[in-house]
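**Student:** Shown below is the structure under consideration.
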Protein chains: 2
Amino acid sequence: MRRPKIYLAGPEVFLPNAVEIARIKNQLTTEAGFLPLNPMDNNLGKPPELRADRERFADLIFQADFEMIYECDAIIANLTPFRGASADVGTAVEVGMGIMGGKKVFGYTNDFRDYAIRALHESEGPIRDDGEWLDARGWLIERFGLTDSIMVDRGVRRSGGYDVYRSNGPIDDLTGFKVCLGYARYVLLNEVS
Amino acid sequence: MRRPKIYLAGPEVFLPNAVEIARIKNQLTTEAGFLPLNPMDNNLGKPPELRADRERFADLIFQADFEMIYECDAIIANLTPFRGASADVGTAVEVGMGIMGGKKVFGYTNDFRDYAIRALHESEGPIRDDGEWLDARGWLIERFGLTDSIMVDRGVRRSGGYDVYRSNGPIDDLTGFKVCLGYARYVLLNEVS
């Protein structure tokens, strides 16, 4: 039987231990019965003269990641907040690609707080007496009890059939990743782990 | 001739003047020869009892926005940074949907700085002597001379044929939006304005 392919999205490529995390995620994905497609593998082993041409390097990374997403069956996305109140935007673009491409998208966050709490905390703002929350700039804070923007949280839900899994830990904690692998085993392989 | 449909993505729905901005954007889009599809129109006129059921309301907004993107010919996205170093993640998901759906995606930002400058500024970090930049957490800063993450900036470029347009102004400034309408007139209508 053909092994389903899972694209492993998330901001781990920017962490100091990026190579090690990619290796572990690839191994866990393989052990769960899938073929891992890992964007970190698109960043490695490029010759220095290519890396020096930054815009061309960026285009090549985009193309390689896009092709992985195009051919995958599912995505597991690390949606832990990254440089702000929300998930990494690169990961968010990939989630959108997956949703429109009919892929199953599973997601997890290592910050279990509601988005609204994080957004309020990030800028501290007034809370309007009609129940809506505004940040310090006067911008409305989405308050739906979700992990992130509607398009992220509900997008994952609609495409994969599961809510974004919440736990609490450092950005590279793998608890949620393993839970999503379990979801994927059930949805793609009809197996319960 | 059928008027092409353009989905108007961006964080303006969260601004205090959301209704007014949506009205102006719809008008400009119509005057440029297109049919505007505006997510703000999905948020309005909902009865209070629906608004009170937050999760169901979120699902309805997701579904309505998704359908607009599914049926559009192009997207114009406001990619100005929102609550962090990057574009609004909801907008980023929509950009990803557009790219995978084969839509033309045009984008603009009202913060002309490179992403790397903003990310460094946001957390202040060391700059490694091999030329790479790290933020204060030790996380790598993408430094490709782009407006945002590769997946956002190069995604727009690849799908629409234009780079993200940069200018400088408040988040609701419409300079870039008008430029993108010009791009769209050329690409979708073969007209130069």
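The values are calculated or read from the model by the stated rules, or taken from the named source; none is laboratory data. Note that this is a predicted model, so its numbers are computed, not measured. All Cβ positions, glycine included, derive from the backbone under ideal geometry; neighbour counts span all protein chains shown. Keep in mind that these areas ignore ligands, DNA and RNA; they rest on the heavy atoms of the full protein, side chains included. Shrake-Rupley method; radii C 1.70, N 1.55, O 1.52, S 1.80 Å.
**Student:** Select from the range A:138-177 the residues that are under 14 Å from A:Pro81 (Cβ atoms), more than 9 Å from chain B (Cβ to nearest Cβ) and in contact with a Gly (Cβ under 6 Å, 6 or more places away or on another chain) and list them in ascending order.
**Tutor:** Within the range A:138-177, A:Val164, A:Ser167 qualify.
**Student:** Anything in the range B:126-173 that is in a loop (DSSP other than H, G, I, E, B) and of a type in the set (Ser, Thr, Tyr)? List them, or say none.
**Tutor:** Start the filter on the range B:126-173 by keeping residues that are in a loop (DSSP other than H, G, I, E, B), which leaves B:126, B:128-132, B:135-139, B:142-149, B:161-164, B:167-173.
If the condition is that a residue be in a loop (DSSP other than H, G, I, E, B) and of a type in the set (Ser, Thr, Tyr), then B:Thr147, B:Ser149, B:Tyr162, B:Ser167 are the ones that fit.
**Student:** Counting just the residues of the range A:117-132 that are of a type in the set (A, V, I, L, M, F, W, C) and within 18 Å of A:Pro81 (Cβ to Cβ), which one comes out nearest to the other protein chains (Cβ to nearest Cβ)? Lay out the reasoning, then the answer.
**Tutor:** Quick first cut of the range A:117-132, residues of a type in the set (A, V, I, L, M, F, W, C) only: A:117, A:119-120, A:127.
When the remaining residues are screened for being within 18 Å of A:Pro81 (Cβ to Cβ), the result is A:117, A:119-120.
Details: A:Ile117: 13, A:Ala119: 6, A:Leu120: 11 Å.
Ranking the candidates gives A:Ala119 first.
**Student:** Take A:Ile69 and decide whether it is in a helix (DSSP H, G or I), surrounded by 15 or more Cβ atoms within 10 Å (Cβ to Cβ) and under 14 Å from the mean Cα position of the chain (by Cα).
**Tutor:** Values: in a helix (DSSP H, G or I): yes; surrounded by 15 or more Cβ atoms within 10 Å (Cβ to Cβ): yes; under 14 Å from the mean Cα position of the chain (by Cα): yes.
Yes.
**Student:** Are any of the residues in the range B:178-185 of a type in the set (A, V, I, L, M) and either within 21 Å of A:Phe57 (Cα to Cα) or within 9 Å of chain A (Cβ to nearest Cβ) (or both)? Give the derivation first.
**Tutor:** To start, the set of residues in the range B:178-185 that are of a type in the set (A, V, I, L, M) comprises B:179, B:181, B:184.
If we keep only those that are either within 21 Å of A:Phe57 (Cα to Cα) or within 9 Å of chain A (Cβ to nearest Cβ) (or both) too, we end up with none.
No, the conditions are met nowhere in the range B:178-185.
**Student:** So which of A:Asp114, A:Asp135, A:Asp59, A:Asp41 ends up being open to solvent by 30 Å² or more (accessible area, probe 1.4 Å) and at the interface with chain B (Cβ under 9 Å from one of its Cβ atoms)?
**Tutor:** Working: A:Asp114 fails: at the interface with chain B (Cβ under 9 Å from one of its Cβ atoms); A:Asp135 fails: open to solvent by 30 Å² or more (accessible area, probe 1.4 Å); A:Asp41 fails: at the interface with chain B (Cβ under 9 Å from one of its Cβ atoms).
None of the others qualify; the one that does is A:Asp59.
**Student:** What residue, among those in the range B:15-24 that are in a helix (DSSP H, G or I) and without any contact (Cβ under 8 Å) to a residue 40 or more places away in the chain, is most open to solvent (accessible area, probe 1.4 Å)?
**Tutor:** Kept after step one, since they are in a helix (DSSP H, G or I), are these residues of the range B:15-24: B:18-24.
Retained after the next criterion (residues that are without any contact (Cβ under 8 Å) to a residue 40 or more places away in the chain): B:18-20, B:22-23.
On the way: B:Ala18: 8, B:Val19: 86, B:Glu20: 85, B:Ala22: 9, B:Arg23: 119 Å².
Going through the qualifying residues, I end up with B:Arg23.
**Student:** How many residues, within the range B:115-125, are at positive phi and part of a helix (DSSP H, G or I)? Give the steps one after another, and end with the answer.
**Tutor:** Residues of the range B:115-125 that are at positive phi, as a first pass: B:124.
Next, from what is left, pick out any that are part of a helix (DSSP H, G or I): none.
Number satisfying all stated conditions: 0.
**Student:** May I pose another question? So, in the range B:159-193, how many residues would count as being over 19 Å from B:Asn17 (Cα atoms), of a type in the set (Val, Ile, Thr) and buried (at least 16 other Cβ atoms within 10 Å of the Cβ)?
**Tutor:** 3
**Student:** Right, another one. Go through (1) within 9 Å of chain A (Cβ to nearest Cβ); (2) surrounded by fewer than 22 Cβ atoms within 10 Å (Cβ to Cβ) one by one and return the number of the condition B:Ala52 breaks.
**Tutor:** Of everything listed in (1) within 9 Å of chain A (Cβ to nearest Cβ); (2) surrounded by fewer than 22 Cβ atoms within 10 Å (Cβ to Cβ), B:Ala52 misses just condition (1).
**Student:** What pairs come up if the first residue lies in the range B:60-71 and is polar (S, T, N, Q), the second is open to solvent by 50 Å² or more (accessible area, probe 1.4 Å) and modelled with pLDDT under 95, and their beta carbons are under 9 Å apart, counting only those six or more places apart or on different chains?
**Tutor:** B:Gln63/A:Arg158
**Student:** Kindly list the number of the only condition in (1) farther than 16 Å from B:Cys180 by Cα; (2) open to solvent by less than 30 Å² (accessible area, probe 1.4 Å); (3) of a type outside the set (S, T, N, Q); (4) away from chain A (no Cβ under 12 Å) that fails for B:Ala74.
**Tutor:** (1)
**Student:** Then there's this: Quick check on B:Gly107: is it more than 8 Å from chain A (Cβ to nearest Cβ) and on the phi > 0 side of the Ramachandran plot?
**Tutor:** Working: more than 8 Å from chain A (Cβ to nearest Cβ): yes; on the phi > 0 side of the Ramachandran plot: no.
Taking the combined requirement at face value, the residue does not satisfy it.
**Student:** If we scan the range A:91-104, do we find a residue that is more than 13 Å from the chain's Cα centre (by Cα), surrounded by fewer than 22 Cβ atoms within 10 Å (Cβ to Cβ) and assigned to a helix (DSSP H, G or I)? Please lay out each step first, then the result.
**Tutor:** From the range A:91-104, those more than 13 Å from the chain's Cα centre (by Cα) are A:100-103; that's our starting set.
Next cut, surrounded by fewer than 22 Cβ atoms within 10 Å (Cβ to Cβ) only: A:101-102.
Those left that are additionally assigned to a helix (DSSP H, G or I): none.
The answer is no; no qualifying residue exists.
**Student:** Still on this model: Exactly one of (1) assigned to a helix (DSSP H, G or I); (2) surrounded by 12 or more Cβ atoms within 10 Å (Cβ to Cβ) is unmet by A:Gln27. Its number?
**Tutor:** Answer for A:Gln27: the failing condition is (2).
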